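First the structure, in the form of structure tokens, and then the observations on it.
The values are calculated or read from the model by the stated rules, or taken from the named source; none is laboratory data. None of the values given here were measured: they were computed from a predicted structure. FYI the Cβ positions are ideal-geometry reconstructions off the backbone, even for glycines, and counts take in every protein chain you see. Keep in mind that these areas ignore ligands, DNA and RNA; they rest on the heavy atoms of the full protein, side chains included. Shrake-Rupley method; radii C 1.70, N 1.55, O 1.52, S 1.80 Å.
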Amino acid sequence: MKEPAISDDSSDSAEAEALSERLRMETVAREAAEREIAALQAEKRQLEHRVINAHRTLAYGLGKALIEARTMKGIAALPARLRRLRLKQKAKRRERVPDTMATGIADRLRLVDPALERLAADGAGQAANWVRAAKADDAAKGRALAEIALATCEEDPALAQELGNEAANLSPDEARLTRLFAHLGEAGAPFDPPSDADIALAAAEFGLDHEGPVIGCIGWPDDDMRARHLRETVDGIAGRSDPPLLAVIGAVEIAAPPGELRLLGSPLPIRWPALLGCFDALILFDGAALGGEAALLLSQARKQHISCFRAGPCPGPMTDDLTALSSEGGWTPVIAAAIASRR
């Protein structure tokens, strides 16, 4: 008599574990790629701003005017072009627009390779000391310190965080800091809690001085239903206390905001602890609004005991355990309770 086949449970379990590990590795790789894209996009924006400022310089205007004067018609038009250029330069001086092209990208990067060579030979401490003593502007020193911190963030997160803070103070617009602080956040690096003075400074800098509650939004609802629920929440809270202020993080465009609103853009992670101190609640609408940084922001919000919510599907790390706001609406009592706990 033929015996019935016995299923190999251990084989199935091994295959399931292998599949789970492969999915986890693919997720990690995708998130790393998203962080890299976010960093490159930030650098691209900086370069675009530099190109715009370059076009505003006197040297560029003169060069363009001379190039266009290669024909008899161009020579005849040259005096008028020069007059217009003179008027533009006078207007620029009145506006006091800073010329950020004084330091080009090559100057900004010139300390990086020597600093990394010293890092490999003598360690992070000696490399950082060399950067501090170098004769260079703050932008170049900030970039070099950020690169040293990135190279050491896995083996020494505390030192990397210290170097990152120093780099941020030297060069707040350094794009590499975004990637650095995202790595540190994933590694669970401790960030110092903000002082009352830091929070007050952040409130003044980002226009969050507000007597009523401040609700932070990561991203913005891209559908009418969630936008209506948010509007109802703003109106409901305004009926209970002072009207709330919405502070939106991320690169978004808002046609008809509900109530008073501040667009914060994508502030550097180094500013987040103080910035979050201004919030009474935080709603995640789009985890991709900050590239790979949303997880770090949520981690900082939790450390400061700020209630975090998600409205709709927000795939990504650290979002599954957020308090979900109902797709049917009725957000007002939940958000109001979170605000009351902070005040």
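What the table shows:
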quantity: Around Pro244: net Lys/Arg minus Asp/Glu count, Cβ-Cβ under 9 Å; calculated: -3
quantity: Relative contact order of the range 187-282, pairs being alpha-carbon contacts under 8 Å that are 6 or more residues apart, as %; calculated: 39
quantity: Rounded, prolate or oblate (a/c below 1.5 giving rounded, otherwise prolate when a/b exceeds b/c) for the range 203-242 by Cα gyration tensor; calculated: oblate
quantity: Contour minus Cα-Cα distance for Ala33 and Asp242 (0.36 nm per residue); calculated: 71.0 nm
quantity: With DNA, RNA and ligands ignored, accessible area of Ser171 (1.4 Å probe; Å², nearest 10); calculated: 0
quantity: Cleavage-rule hits, GluC sites (Glu not before Pro), the range 195-263, DSSP coil, Cβ neighbours within 10 Å at most 13; calculated: Glu211, Glu253
quantity: Ranking by accessible area, most exposed first, for Met72, Met225 with a 1.4 Å probe; calculated: Met72, Met225
quantity: Among 159-168, 126-135, 110-119, the order from most to least packed when residues are scored by Cβ within 10 Å on average; calculated: 159-168, 110-119, 126-135
quantity: Contour excess over end-to-end distance, with Cα ends at Ala255 and Glu17 and 0.36 nm allotted per residue; calculated: 80.9 nm
